[in-house]
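The structure under discussion appears below in the form of structure tokens.
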Amino acid sequence: MWEARPPTYEDHMQKPLIIANWKCNPSTREQAEHLFGTIKRETKNINGVKIVICPPFVWLPSLNGLSLGAQDCFWEKDGAYTGEVSPKMLKDLGCDYVILGHSERRKYLKETDEMINKKIKTALKSDLTPILCIENISQLKKRTKDLLRKEQKKLIIAYEPVFAIGTGKPCTPEKAKEMKTAIKKIIDKDIPIIYGGSVNSQNAADYIKMAGFQGLLVGGASLNPAEFIKVVKNVARACPVVELRSLRDCAPKLF
Ligand code: PEP
């Protein structure tokens, strides 16, 4: 259920997070409103999952009633930076989250680890929760450089192996779990870690039940409302809210 208040660390640790990355889609406001409205309507009675929708910047003002995130932000709060969007502006539009460091931004826009590190710091100052995408441990270390422990605790880490993004070839839950264990050795072990890469309704629950991830970052499947709603329902079914005080209760052997 959507609540008009900023998310807390406890929210992220108590319910599986399902974060939709719409990337550069859909092409019209009408389509964006329709996609958003369908997801909102069909998931309104599902309490055990926290849904965050990350549309392109331009559709943000047209959407409300589910938590919102942006897909990027700049590292300054304002100034002469043509084309950039600051965390403060996003907060003003009702965003609580921002995806940072997505591999497509490295590939197509040459975004560096240093830039991402600066973006995280500015996003935190504006009370946005960064969803930090990483493909490997080296990126994790560079992108979180100089963050205090209390700042680290405000992040969500998304493990997104590049071979799995948009390819239909997901990482197996077993392999993904190995990476989750490696991440926990580097960063505060209680930070929510989610998985992204070719998630669909068939495999979604496995990353939570079998591999102990705190949630999912869903790209392609989030543009198909029927498929995305099935992802949400399958995860909710895998972690019934009545039994769920934290994900530790959902998959106790994994922690
Ligand atoms: C993504 O782009 O973050 C992603 C996980 O994409 P897909 O689900 O399409 O692999």
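The values are calculated or read from the model by the stated rules, or taken from the named source; none is laboratory data. Computed from a predicted structure; not experimentally measured. Cβ sites come from the backbone with ideal geometry, for glycine too, and all protein chains shown count toward neighbours.
Looking only at the stretch 186-208, which residues are outside any loop (DSSP other than H, G, I, E, B), more than 11 Å from the ligand (Cβ to nearest atom) and at pLDDT 95 or above? Selection gives Ile193, Ala205, Asp206, Tyr207, Ile208.
For the stretch 157-173, the condition of being more than 15 Å from the chain's Cα centre (by Cα), surrounded by fewer than 17 Cβ atoms within 10 Å (Cβ to Cβ) and more than 14 Å from the ligand (Cβ to nearest atom) holds for at least one residue. Across the stretch 76-117, the qualifying residues are those that are of a type in the set (S, T, N, Q) and in a loop (DSSP other than H, G, I, E, B), and the one among them that is nearest to Leu17 (Cα to Cα) is Ser86. Can you confirm whether Val218 is modelled with pLDDT of 95 or more and closer than 12 Å to Lys15 by Cβ? Criteria not met by Val218. Just one of the listed residues (Gly94, Gly101) is more than 22 Å from Lys150 (Cβ to Cβ) and modelled with pLDDT of 95 or more, namely Gly94.
Lys150 - would you say it is at pLDDT below 95 and either near the ligand (Cβ under 10 Å from one of its atoms) or part of a helix (DSSP H, G or I) (or both)? Yes; evaluated as a whole, the condition is true for this residue.
Quick check: is even one residue across the stretch 1-18 modelled with pLDDT of 95 or more, in a loop (DSSP other than H, G, I, E, B) and either basic (Lys, Arg) or out of contact with any strand residue (DSSP E or B) (no Cβ under 7 Å at 6 or more places or on another chain) (or both)? No, the stretch 1-18 has no match at all.
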